[in-house]
Amino acid sequence: MKTTAQTLLTIDGLVAKPLALDLDALAAIDPGRQVSDASRLDPARKGQAVALVGLLEAAEAMPEADYLTLHASADDFYASIPLAAVRDRAFVVYRIDGRPLSEAEGGPLRLFIRDVASCHADQVDECANVKFLDRIEMTRGKGHDNRPQDDDAHEALHRRQSGGETGN
Ligand SMILES: Nc1nc2c(c(=O)[nH]1)N[C@H]1C(S)=C(S)[C@@H](COP(=O)(O)O)O[C@H]1N2
Ligand SMILES: [Mo]
């Protein structure tokens, strides 16, 4: 491994092969699991992504792992969601226009779940599109989750994120 390589994403917990991935390692995951243009999955998204399932294959996730906890230590945000619900529709976006994602874009890495329910409508909702994603922890049963639980808390979070405008 290059000494300059910077780990962006750790995959651990119930996996046979814990991983610490830098940008090159993300891009080197199975080509069959790469999405060169995320706007093909959702016109509102863009960038280069790797499918969650490709990451779990590389880390050899154990069959008993049924939840994944998405960590964003940058702002202490966590979402823990059932694997079955997102296995085939979650992606980690790692590049936009050939460069790393900015902080405003939720970078360096952000999760993107296709066809997601609106905020706190479901266990898997828009709020689970974790920005600043730096760790995926595989667990049996639900892990740590501090997504806002009620409308007030949620609105306050959106206000903090967007500096005024209310989201959904
Ligand atoms: N790290 C982190 N990720 C986050 C949040 C956050 O506060 N911190 N907010 C979530 C919420 S509540 C929503 S609705 C979406 C918004 O994503 P968007 O800004 O791309 O619309 O990001 C989610 N990801
Ligand atoms: Mo949200």
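Descriptive notes on the structure:
- Criterion: within 26 Å of Gln149 (Cα to Cα) and either surrounded by fewer than 19 Cβ atoms within 10 Å (Cβ to Cβ) or in contact with a Cys (Cβ under 9 Å, 6 or more places away or on another chain) (or both) - qualifying residue of Glu103, Glu64: Glu103
- Residue match in region 37-56 (condition: closer than 27 Å to Gly13 by Cα, open to solvent by 10 Å² or more (accessible area, probe 1.4 Å) and of a type in the set (Asp, Glu)): no
- All positions within region 33-65 that are touching a residue at least 24 places away in the same chain (Cβ under 8 Å) and in a helix (DSSP H, G or I): Arg33, Ala38, Leu52, Val53, Gly54, Leu55, Leu56, Glu57, Ala58, Ala59
- Residue that is least open to solvent (accessible area, probe 1.4 Å) [pool: residues in region 109-135 that are near ligand 1 (Cβ under 10 Å from one of its atoms), out of contact with any His (no Cβ under 9 Å at 6 or more places or on another chain) and of a type in the set (D, E, K, R)]: Asp125
- Filtered residue count, region 1-32, keeping only those that are open to solvent by 80 Å² or more (accessible area, probe 1.4 Å), touching a helix residue (DSSP H, G or I) at 6+ places or on another chain (Cβ under 8 Å) and part of a helix (DSSP H, G or I): 0
- Taken over region 136-167, the criterion of being charged (D, E, K, R) and surrounded by fewer than 19 Cβ atoms within 10 Å (Cβ to Cβ) is satisfied by Arg140, Lys142, Asp145, Asp150, Asp151, Asp152, Glu155, Arg159, Arg160, Glu165.
- Region 72-100, subset of a type outside the set (A, V, I, L, M, F, W, C) and over 22 Å from Arg33 (Cβ atoms), residue surrounded by the most Cβ atoms within 10 Å (Cβ to Cβ): Ser80
The values are calculated or read from the model by the stated rules, or taken from the named source; none is laboratory data. Owing to the predicted nature of the structure, the values given are computational and were not obtained by experimental measurement. Heads up, the Cβs are rebuilt from the backbone with ideal geometry, glycines too, and the neighbour counts pull from every protein chain shown. The protein model used for the area step is the full one, side chains on, heavy atoms only, and it has no ligands, DNA or RNA in it. Shrake-Rupley method; radii C 1.70, N 1.55, O 1.52, S 1.80 Å.
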